[in-house]
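We did not get these values from a lab; they are worked out from the coordinates using the rules stated. Here the structure is a predicted model, which is why all the values come from computation and not from measurement. Cβ placement follows ideal geometry from the backbone for every residue including glycine, while neighbour counts extend to all protein chains displayed.
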Amino acid sequence: MCLRGVLVILVFVAALMLAVAGPALGVTTRNVAVSKVTGTSAVLVVKSDVTSNVIVEYGQVSGIYTATAAGNGAARHELSLVGLSPSSTVYYRVTIIDAAAPSTSVTLPEKSFHTARAPGEGFSFAVAGDNRPAGDTTVQPAIWGTIVAQMTAENVDLALDVGDIIYGTGSDTLAQNAAKYEGLFAVTTGLTYSTPYYVAAGNHERLNYANSRAGYEQEFTFPVNNGTDGATYGEHYYSFDNGDTHFIALSTEIPGQEGMITGNQKTWLQADLAATDKPWIIVFMHRPLFSGAHTGDPWVNTGNLAGQQNKADIHALLLQYGVDIVFEGHDHYYLRHEQDGIQYVVTGGGGAPISGTPALGPGDVFAAGSYEHVKVDETATSLAVSVIDNTGATLESFSLTVPDLWMSLSPGNPYWGSYADYQARALSVEYTIANNGSGDAFDFQLLSFGATNQVEPLTATPISMGTLAAGSATNLQVTYRIPLGILSFMATSRASCTDDRGYVHVYS
Ligand SMILES: [Fe+2]
């Protein structure tokens, strides 16, 4: 038999084996990331190695799917899950079908995530950053895998990353850049099945280069709500709510404005801060306002007058609107700095080489040259912060608390204090004022009383009540003049106090 005949037989045998065994093709999942989670909706990002059709079945009972979302003919899908209930668990199952070979598909095990919480319902979130490789590679640091596993095990509702998540370069092609994000997703997918992962871009994302910027914008799905810059830098800075917290991601990497928050972003930041009525405000961004390892940066270099002015302006803005914690990275260590009651927390120990423990300067509270991440337990009246290293040890813990004043009628109300009071139509009402918060109320003042139906408060204001400790209550008698014939009225009051960080709280 000639050689050609042997080859024909071999090809025939191989084809016969394939026909018996079925195609050896497969679909590989490259990423699943629950994103942009609100109380009633979410976007599920699904990536595969081939062009695929994707079906997501979902519902609010495990194993019972009441809705589907589908996308066809792409390697990266953004599927909208709608009609969800706030403060609830959503269960979903993803099926990925090879578009070129529809009999080839993979159905992933059921996963779940939590929709945004209603006010008053606590939740937890994690913060990490600077998880990039040490050099130009797609492979993420092993330590980052450990930290992601820790955050996954904590079952947090959301994760924030303060940037430097890949090692981008100015010469990356779009494909090379995308491969670096695939290296990241290979680590984070275990987390993002259930936990939205919100990023504030770092300098190593290299957003000042077209391919790197296109890669970043292509690979992530973040809220777009920054107005003027929506069409140009829509996903670069944004805000969202969960529970009693307003989260703001800023970009210190807007091309031409690196190392500062200025221009449209600064204008938007002020408007966004002014618009929120959430008790807690958390800001996260890459470069730190008060940490000095990058001496050339505008906020660090005391010779950069524009940078120093911008630093003062941004701190003043965050202070004016009562920002509680600013999470940052860029410097590869943990450092907490307190400035006028705002906690500035550098959490740059996500996997890039640690640069040692910084010496504490004025306003610095605690530092650690460790791989770490931060976990925050949020309630309406407290933020409990734990800094956890890669072995699971707690490096430091601190809590932010606020008072929460409630005024109610005491039993046995209202009453005429005496016959003379009755003749003068001076009705006494006794109130109980309780501090149901987790923090003491200092300089507690009753600012004014009001009443409807022509009823006139007789008790003079303001009244200084001193300090009302967390968990305690006090009584206060207020007198009203009641016109003849009036049988009921609504009473109002305004009160104020300061918390232990000097922030003023006003209650109506
Ligand atoms: Fe950086």
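Taking only Cα atoms, what is the 0 to 90° angle, nearest 10, from helix 305-320's long axis to the longest principal axis of the chain?
60 degrees
Could you give the alpha-carbon Rg of the chain over 2.2 N^0.38 Å, rounded to two decimals?
On the way: Rg = 28.8 Å, N = 508, 2.2 N^0.38 = 23.5 Å.
This ratio for the chain stands at 1.23.
Could you give the dipole magnitude of the chain about its Cα centre, charging the beta-carbon of Lys and Arg +1 and that of Asp and Glu -1, in debye to the nearest 20?
1000 debye
For the stretch 182-303, give the magnitude of the charge dipole about the Cα centre (Cβ charges: +1 Lys/Arg, -1 Asp/Glu; no others), in debye to the nearest 20.
220 debye
Largest first and in whole Å, give the semi-axes of the stretch 405-507's equivalent ellipsoid, each being the square root of 5 times a Cα gyration tensor eigenvalue.
Whole-Å semi-axes of the equivalent ellipsoid: 29, 13, 11.
What number, in nm² with one decimal, is the all-direction average of the projected area of the convex hull of the alpha-carbon atoms of the stretch 123-399?
Working: hull surface 51.7 nm².
Computing the convex hull of the Cα atoms and averaging its projections yields 12.9 nm².
Taking the Cα-to-Cβ direction at Q423 and at H294 and moving 7 Å from each Cα, how far apart do the two end points lie in nm?
It is 7.9 nm.
What distance in nm separates the two pseudo spin-label positions at D277 and S408, each 7 Å out from Cα along the beta-carbon direction?
Going from the D277 label point to the S408 one covers 2.3 nm.
What residue among Y480, P462, T401 has its Cα farthest toward the positive end of the dipole of the stretch 378-508, where the charges are +1 on Lys, Arg and -1 on Asp, Glu, each on the Cβ?
The residue sitting farthest along the positive end of the dipole is Y480.
Quick one: angle between helix 142-153 and the longest Cα principal axis of the chain, in degrees between 0 and 90, rounded to 10, please.
50 degrees
Putting +1 on Lys and Arg Cβ atoms and -1 on Asp and Glu Cβ atoms, find which of A99, Y65, S85 reaches farthest to the positive end of the dipole of the stretch 29-114.
Checking the options against the dipole of the stretch 29-114, the answer is S85.
Straight-line reach from K278: which aspartates and glutamates have a Cα under 14 Å away, not including same-chain ones fewer than 8 places off?
In chain and number order, the partners are E121, D241, D244, D324, E378, D404.
Given the C-alpha centroids of the stretch 264-287 and the stretch 389-464, what is the distance between them in whole angstrom?
Here the two parts' Cα centres lie 31 Å apart.
Can you give me the Cα centroid spacing of the stretch 471-508 and the stretch 73-93 in angstrom?
Each part reduced to its Cα centre gives a spacing of 46 Å.
Only helical DSSP H runs with n ≥ 4 go in: add -39500 (n - 2.57) per run for the chain, normalise by residue count and round the 222 nm mean residue ellipticity to 500 deg cm²/dmol.
-6000 deg cm²/dmol
With unit charges on the beta carbon (Lys/Arg positive, Asp/Glu negative), name the residue among S355, N413, Y181 whose Cα is farthest towards the positive pole of the charge dipole of the chain.
Y181
Can you spot the aspartates and glutamates whose alpha carbon is less than 12 Å from K266's alpha carbon? Ignore those fewer than 8 places along the same chain.
D229, D313
State the antiparallel share, in %, of DSSP beta bridges confined to the stretch 123-399, rounding to the nearest 5. Intermediate results must be reported in sequence, preceding the final value.
Values: 33 of 52 bridges.
In the stretch 123-399, DSSP labels about 65 percent of beta bridges as antiparallel.
Report, in debye and to the nearest 20, how large the dipole of the stretch 29-114 comes out about its Cα centre when Lys and Arg carry +1 and Asp and Glu carry -1 on their Cβ.
Numbers: 6 positive and 5 negative charges, 36 e Å.
With Lys and Arg at +1 and Asp and Glu at -1, about 180 debye.
What is the helix-to-structure angle for 174-192, meaning the angle in degrees between its Cα long axis and the longest Cα principal axis of the chain, kept from 0 to 90 and rounded to the nearest 10?
Here the helix axis deviates by roughly 60 degrees.
Computed over the Cα atoms, what is the radius of gyration of the stretch 29-114 divided by 2.2 N^0.38 Å, N being its residue count?
Numbers: Rg = 12.4 Å, N = 86, 2.2 N^0.38 = 12.0 Å.
Here the answer is 1.04, to two decimals.
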